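Everything below concerns the one structure shown next.
The values are calculated or read from the model by the stated rules, or taken from the named source; none is laboratory data. Just so we're clear, the structure is a prediction, and the values are computed from it rather than from any experiment. All Cβ positions, glycine included, derive from the backbone under ideal geometry; neighbour counts span all protein chains shown.
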């Protein structure tokens, strides 16, 4: 008897099925494990997890058969799919629906039990089914186990689709991020030269016309120079923010903290500041490039937010079994308690002692680097008495 069924929504069903990408894949352990449980619980020699295609049932997992698919119109599962419910055939030799089916006459299978695989949108994607060469009856516990395991197969389908969505979204996000990084690099490069020219021209005007400029004109030139510096800091900060991930790819190495501290001094420290650090301290197997950038940002921050005549910044380092631990302390203005939660957010800024704001990019970049290195960063601060930033990096 030809029991082939054509769904009213067959086109939509096939489109939905294809979106799960569960066809024509290599054998998967999760499905094979469920299928093995089905056979053991039902005590049968043949068990199948099947996906229903246009004209065939494709075996997603098989036990006890050599073929990879079976004609849809001949399969017992076609009746299961038509009813949309659990089906059990205790002896197909005396069942008019199946007694002349090749599964009975040629393959000698007479017992069948199957349950449809129905997704959340009520599309039937296939079945979980078992066959035996002798008549039998499943008990209620076996039937319930079959239902539970069929639900787990559907859960695997949904999990796969969810993972595919996240992979696609992640790839799109990665592409957009790469485009944004490239854009930031181009913009930064294109802006740096004009900004440097503006700064140079402003300084030349101030030097050449120092005596002829009015007080207002000198102030205007100061405003131009100050605005140019702020814009340059933004450009440098944004470029660093989008390039910070490149630092994570740098190989780990062993170095002396003294060397790194001296490099920081040459970049940031003037005659009025003091940078303290432990001498003869070896730091083993760590991403030096990333640590260097983190410390530079924190030391630079400590200098900017310092109102003392002689700013003092101190770097400390300890280590344990799992983490490197650094701290950067200063005797600066401190950070009010109600502002400490927001300073690591990008573009969130506080006023410097001179009334100016920073870009709000540096601490966000620091936090991003620390967390991607498997660590955490924290702040302890008291207004008027300074701040201590402490961060860890996973070994």
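Points worth noting:
- Single unsatisfied condition, residue 37 versus (1) farther than 21 Å from residue 144 by Cβ; (2) under 35 Å from the mean Cα position of the chain (by Cα): (1)
- Condition check for residue 108: without any contact (Cβ under 8 Å) to a residue 60 or more places away in the chain, at positive phi and not in a helix (DSSP H, G or I): yes
- Tally, over segment 59-80, of residues that are touching a residue at least 24 places away in the same chain (Cβ under 8 Å), more than 15 Å from residue 109 (Cβ to Cβ) and surrounded by fewer than 17 Cβ atoms within 10 Å (Cβ to Cβ): 1
- Subset tally (residues that are in a loop (DSSP other than H, G, I, E, B) and touching a residue at least 60 places away in the same chain (Cβ under 8 Å)) for segment 111-124: 3
- Hey, residue 22 buried (at least 17 other Cβ atoms within 10 Å of the Cβ), under 39 Å from the mean Cα position of the chain (by Cα) and part of a loop (DSSP other than H, G, I, E, B) or not: yes
For (1) out of contact with any helix residue (DSSP H, G or I) (no Cβ under 9 Å at 6 or more places or on another chain); (2) at pLDDT 65 or above, each residue gets a yes or a no:
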residue	(1), (2)
164	no, yes
172	yes, yes
179	yes, yes
189	no, no
193	yes, yes
198	no, yes
209	no, no
228	no, yes
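- Test: residue 70 is in a strand (DSSP E or B) and modelled with pLDDT under 95: yes
- Number of residues in segment 73-104 that are outside any strand (DSSP E or B) and either under 45 Å from the mean Cα position of the chain (by Cα) or farther than 14 Å from residue 131 by Cα (or both) equals 20.
- Per the listing 51, 46, 41, the residue uniquely closer than 18 Å to residue 119 by Cα and either touching a residue at least 24 places away in the same chain (Cβ under 8 Å) or assigned by TED's automatic domain parsing to the domain that holds residue 122 (or both) is 51.
- Complete set of residues in segment 322-344 that are part of a loop (DSSP other than H, G, I, E, B), more than 17 Å from residue 304 (Cα to Cα) and in contact (Cβ under 8 Å) with a residue 40 or more places away in the chain: 322
- Any hit, segment 307-318, residues being assigned by TED's automatic domain parsing to the domain that holds residue 375, over 30 Å from the mean Cα position of the chain (by Cα), in contact (Cβ under 8 Å) with a residue 60 or more places away in the chain and not in a strand (DSSP E or B): no
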